[in-house]
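The values are calculated or read from the model by the stated rules, or taken from the named source; none is laboratory data. In this text, all values refer to a predicted model and were calculated from it rather than measured experimentally. Cβ atoms come from the backbone with ideal geometry, glycine included; neighbour counts cover every protein chain shown. These area figures cover heavy atoms from the full protein model, side chains too; ligands, DNA and RNA do not enter into them. Shrake-Rupley method; radii C 1.70, N 1.55, O 1.52, S 1.80 Å.
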Amino acid sequence: MTFTIHPAILCGGAGTRLWPLSTPQTPKQFLSLTSTQSMIEETAMRFQSTQRSDLEFAKPLVVGSKRHEALLRKQLPDADMVLEPMGRNSAPAVAAACLSRAPEDLILILPADHDIRDIDAFHDAIAIAAQAAEDGAIVTFGIEPTHPATGYGYIKTAGKTRSSLARDVEAFVEKPDSKTAQSYIDAGTYYWNAGIFLFKANVMSAALERFVPEVYAGTRKAMGDQIRAKIDLIAETFAETPSISIDYAVMEKASNVKTVPVSMGWSDVGGYRALHELLTNNASENYTSGPVHVQNSTGLYVRSEGPAIAVNGISNLVIVATDGEVMITPKNDDAAVKALGKVVQSDRYALDFSSALRERARDWLWTAFDVWSKIGWDPVRGGFVEQLHMDGTPDVDAVRRVRVQARQVFSFAKAIEMGWPGSQAAKALVDKGIDFIDTRLRHDDGGFVHLIDADGDPLDKRRDLYDHAFIILAGSAAYSSTGNLTALQLAQDALEYINSNLKDELHGGWFESSEFELPRRANPHMHMLEAMLELHKATDSQAALQHASEVVHLFETKFFNPKTDILAEYFNADWSCRESDDWVTWEPGHHYEWATLLSQYDAISGHDSLSYQRRMMRRADQSGLNSKTKFAFNALRAEKTLLNANSRLWHQLEMFRAHLIIPGLISRSETEALLRRVFEAYLQKGPSGGWLDEISERASDNSSVVPASMLYHVVTAFCILSNKQ
């Protein structure tokens, strides 16, 4: 009998113990670590042929992240794919594999990032497992242990006689301590759990429906009626599917589980120690890759993706350098690598920043959250207030902008992410704000209105691009921090409206309003870039990343003039500039804000706009600052005529943020001095939890109210100084 095996490769792992080589953008399965091919390519190649006459392999199926679609398509162009909008652990991925194949198909589930040296032994084990699976068993592959490993889970089998035949499984055992692991070796009935499974699709489907029906039903609903080579799971429904591993969901509960013991030179490549073992003959040998020189040293793993590395007189270390990061750690401490990567990736811009100043920023922001959480919401009529009076009392009667409602939702969503102690209050405000936008601010003909009065009745029914961008931003951030599905739906509805009604198919980008008027403006498109980055972060949406790319293209071809290093504000209908090069209106704050967003776009897309970022910032530093106060002016002409010599707070916050994350133009001490000046001139002068919105050319107070909209700018500037992102 010949068995047809359908390989299903799960590639949702993050590879955090191989940072900085492995990153969320390019996790370890897409890297060439043990050969010239990536790990997922090696995994797929194991099924291109076999020496066994009783086995044949179907085209592989890959279950992976939507954010990695381009990598998957590049490395496995012929594979079928199920793409997840967000990670939900292995049980939903297994369910998706079952649902995408015929009920009687034999499905082989295997991770994308394991190393197997003896492929023939693996195929022999698959043949044994296939017979057991055909008879109705769910089969695991038990790796014959070579040492008392503490980093693996174990499979306990019945009986003491070692056999290659499928054996009954008595229990799955969590990772043991070293003494317990040795007792497992001595017992002779325990195997390492490789996380590789073989079963008939209908057998596993029945087990999923029995033990975790919500997982199976949620995955099936997320697949919809899609029967094709590439299936995109529906984000709204897949988000409701529980996140659970297949071990916990089924394997530890089912009674029809067997294991096939196999010795096949297996490694899960779970860290640099395992990688060193695979690439060297013994523990004292050095492994090097890239421009590396080693002398008088033993047991090293040294790899450089760029800078030259020279080491002398050390032993048993891992040294890895990428373009932006360097990591050095003892070779046997895989857990430290994961921890180091988490700290650096979330806190990288503040690592050399004054701890006292970081604490000052955090404490001030915590106070602001506390104040605005108590008085920023109108408990009588609903909605966030537009502003405070200068005595700190809310102005409940002021006209309210829809963008401010969204900005406040965004700010409190970020408060949750940042670990503000009042996160319960923040979540309540996020939920109320989302409900208010959803039920009170929608336009009868689609989209969202522009202005409302204090009672929530519309004053201006224009559908504005700027407003919709902030609804997308707020909905995405709220979904990320609270899981609020209405928030995600709001973001998608806002995007659908502007794509259907405001898209400029002829000249690119979007029209700024449902009532077209000139001049056209770059600023709403900047916030579209910001919104698309947040939506991509929340959902891994490739469509969002594509929209972000559209905005970046407009910036590079229309908005920014490389002859003058000026980012123009106003344009004609065809995106030609409304003014001559000398008379172009520009705002220093937008130079800094665009630079920051372009940097964030580059980090996830691989694009390189660093030259543009620095040129905009340098122009703002050199031409856009008040020589007396050292703060950015509100607006100028390109030839340095002042259009507005005052200095609003948001310009200064954007200047600080840009210099914090794009170093090199001013020193870190100058960046810290800038923040201290912002505290002294703006943040300490307003009411508690508030600020001065604007100072004059001579640094006198020019503020009449405390605008709620400014909390968003403070949050985006200070969140990169927090310990949690």
Per the filter on segment 227-256, residues open to solvent by 60 Å² or more (accessible area, probe 1.4 Å) and either within 30 Å of ILE143 (Cβ to Cβ) or β-branched (Val, Ile, Thr) (or both) are ILE227, ILE234, SER243, TYR248, GLU252, LYS253, SER255
Any residue at all in segment 257-276 that is of a type in the set (S, T, N, Q), within 30 Å of ALA127 (Cα to Cα) and open to solvent by less than 20 Å² (accessible area, probe 1.4 Å)? yes
Check whether at least one residue in segment 582-596 is within 24 Å of the chain's Cα centre (by Cα) and without any contact (Cβ under 8 Å) to a residue 24 or more places away in the chain, and report yes or no. no
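Per-residue answers, yes or no, for (1) among the hydroxyl-bearing types (Ser, Thr, Tyr); (2) touching a Gly at 6+ places or on another chain (Cβ under 8 Å); (3) at pLDDT 95 or above; (4) more than 30 Å from VAL169 (Cα to Cα):
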residue	(1), (2), (3), (4)
ALA229	no, no, no, yes
ILE234	no, yes, no, yes
ALA239	no, yes, no, yes
SER245	yes, no, no, no
GLY270	no, yes, no, no
SER289	yes, no, yes, yes
LEU300	no, no, yes, yes
ILE319	no, no, yes, yes
ASP323	no, yes, no, yes
Does at least one position in segment 322-342 carry a residue that is more than 24 Å from GLY15 (Cα to Cα), out of contact with any helix residue (DSSP H, G or I) (no Cβ under 6 Å at 6 or more places or on another chain), of a type in the set (Val, Ile, Thr) and not in a loop (DSSP other than H, G, I, E, B)? no
Give the residue, chosen from ASP118, ASP177, that is modelled with pLDDT of 95 or more, open to solvent by 30 Å² or more (accessible area, probe 1.4 Å) and under 38 Å from the mean Cα position of the chain (by Cα). ASP118
Here are some residues: LEU10, LEU18, LEU33. Which one is closer than 24 Å to ASP334 by Cβ and either open to solvent by 10 Å² or more (accessible area, probe 1.4 Å) or of a type in the set (Phe, Trp, Tyr) (or both)? LEU10
When the residues of segment 36-80 are filtered to those that are among the polar types (S, T, N, Q) and either touching a Ser or Thr at 6+ places or on another chain (Cβ under 9 Å) or without any contact (Cβ under 8 Å) to a residue 40 or more places away in the chain (or both), which remaining residue is surrounded by the most Cβ atoms within 10 Å (Cβ to Cβ)? SER38
Just wondering, is there one or more residues in segment 362-370 that are assigned to a loop (DSSP other than H, G, I, E, B), β-branched (Val, Ile, Thr) and under 25 Å from VAL678 (Cα atoms)? no
Checking LEU488 against (1) part of a helix (DSSP H, G or I); (2) modelled with pLDDT of 95 or more, which single condition isn't satisfied? (2)
Which of (1) at pLDDT below 95; (2) under 36 Å from the mean Cα position of the chain (by Cα) does SER255 not meet, given it meets every other one? (2)
Checked ALA543, ALA573 against criteria (in a helix (DSSP H, G or I), open to solvent by 10 Å² or more (accessible area, probe 1.4 Å) and of a type in the set (A, V, I, L, M)); the one match is ALA543
Qualifying positions in segment 646-680 - open to solvent by 20 Å² or more (accessible area, probe 1.4 Å) and of a type in the set (A, V, I, L, M, F, W, C): TRP650, LEU665, ILE666, ALA673
Looking only at residues in segment 692-710 that are of a type in the set (A, V, I, L, M, F, W, C), assigned to a loop (DSSP other than H, G, I, E, B) and touching a residue at least 60 places away in the same chain (Cβ under 8 Å), which one is nearest to GLN408 (Cα to Cα)? ALA708
Please go through (1) closer than 19 Å to GLU534 by Cβ; (2) of a type outside the set (Val, Ile, Thr); (3) surrounded by fewer than 24 Cβ atoms within 10 Å (Cβ to Cβ) for ASP391 and return the number of the only condition it doesn't satisfy. (1)
